[in-house]
Each structure stands twice: as C-alpha cells, then as structure tokens.
Amino acid sequence: MLTRDDRTIPNCLAVYDAVRDLGLRCVGFKDVGADRALVSTLVRRIKADGALSHVELVDPDPERAFAAACHAIEAGVDRLMGGMDAERILGVALAAGVPYHPFPGRPIGHPTRLAGTAEEIAADCRRFAAAGAAGVDLLAYRALDADPIALVLAARAATPGRLIVAGSVNTPERIHAVRAAGADAFTVGSAAVGDDPAAGIAALRARLTALVAAAAA
C-alpha cells in the first residue's frame, strides 16, 4: 500500500511510478490522505497497469469513510477494505458489484487498532459472510485484546472468503506466521515505503522486493 501510518503518502504517485515495473498484482492506499481527485488518478493508473486497485477505509468518522467508499466505487476501484460502518458500506458495495472486506472486531482510532476477542472476531466473520462480504480485513497485529495469530486462526475458521491480514505485518517472520495460520493475503505500507521519504527509490525497491520474496518463500 502507498501508505505510512494509515495515511496515503503525499508522494504516492511518484512512488507508484518508481515501482510499477515490479509486476505488482495488488496495489492499494487509504481514504485518509487521498482526496477525490487523487483517488480517481490512483485507481486509473493501477488498473491501467493490470493490477487490482484497493482502497482501505480507515477514517474513524463513519460518515467520511462511507463517503470515501462511495467515491472509490464511482472511481472504479476493484476492492474495498476496512471501514467503521461495515453493514452500510457492504450495502453499496454489493449493489455496485465491488468485493468488500470489512474489519471484524471493533476498529478504534487512527492509526487504527483492533478491540475484540477471538470469539468476537469469529462471530463477526460469520456475520459478514452471511451478509455477502467477499472476506474480511483483519488487523491482527493491531490487536488490543488477543494474540494476533489466535485472531488469524479464529478468522480463518469462520471465513469462507478471502482473509486479508492488515497492519504491522512488517517482518518476514510475521509474513510467514500469518500465512501458516491461513491468511490468503496481507497488506504492507510503512514497511515498504519506509519511515524516511528521502531515503531514495533504490531503498524503496529493495524493501519491496524483499517483502515480495518473503511472501513467496
């Protein structure tokens, strides 16, 4: 994801141009830090390169997040994730035919943390699946009340669709752990773009290449 600390980075277009030749199949960004014009531009560029565009809704204000979801759908996004008002977002996503992966549990604040036990996460996963969600977007390593891998295991057992683990999956060890626990995919933002925007394109490409290699190992 073209993000740092749950926010789309200001130089996201330049960063994307610097890595678009790496053959990435999924590229995403957040609603926070991206206005309507930028959302449209990013979605258009990502799709033009043959990748799937993802918008993760992390604004703690449900109305702003819902408005961002609606605009992302209008812009032609391929996948929606997250959000503080899952049922409402799911309604517009289903109507538009856009796969949606809501947050199970109770997302809190920004950057987003996750409250909820493994049992609560599993119950939400079953409820979302019954309502037509394509899967879930699990903030396992942002958990406040449970072990991250215990949450992944609980979500996997309760999710027939795609299980995406998001947030702080920032080491090869964590990548391997979530994969072993049954995740279909994970997001990576800060661990790819880095904490220093002046670090350079070579460093960015090296980090991203290493993360892709860890995922494939």
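The values are calculated or read from the model by the stated rules, or taken from the named source; none is laboratory data. None of these values were measured; they are calculated from a predicted model. Cβ sites come from the backbone with ideal geometry, for glycine too, and all protein chains shown count toward neighbours. Accessible surface is based on the protein model in full, side chains and every heavy atom, while ligands, DNA and RNA are left aside. Shrake-Rupley method; radii C 1.70, N 1.55, O 1.52, S 1.80 Å.
By accessible area, using a 1.4 Å probe on protein heavy atoms only, the chain has 55% of its surface on carbon and sulfur.
Using unit Cβ charges (K, R positive; D, E negative) and no other charged atoms, how large, in debye to the nearest 20, is the dipole of the stretch 91-183 about its Cα centre? Could you put the intermediate results ahead of the total?
Details: 9 positive and 7 negative charges, 37 e Å.
Here the size comes out at about 180 debye.
When the helices of the chain are scored as -39500 (n - 2.57) per DSSP H run of n ≥ 4 and the total is divided over every residue, the value at 222 nm lands at -14000 deg cm²/dmol.
Per residue, how much accessible area does the chain have with a 1.4 Å probe, in Å²?
43 Å²
Charge dipole (Cα centre; +1 on Lys/Arg Cβ, -1 on Asp/Glu Cβ; no other charges) of the chain amounts to roughly 480 debye. Between C125, P111, L208, the Cα set farthest toward the positive side of the dipole of the chain (charges on each charged residue's Cβ, about the Cα centre) is that of L208.
Under conditions of 10 °C and 1.306 mPa s, the chain yields 93 µm² s⁻¹ as its translational diffusion coefficient, taking Rh as the Kirkwood radius over Cα pairs in the Stokes-Einstein equation. Each eigenvalue of the Cα gyration tensor of the stretch 10-109, multiplied by 5 and square-rooted, gives one semi-axis; in descending order these are 23, 14, 12 Å.
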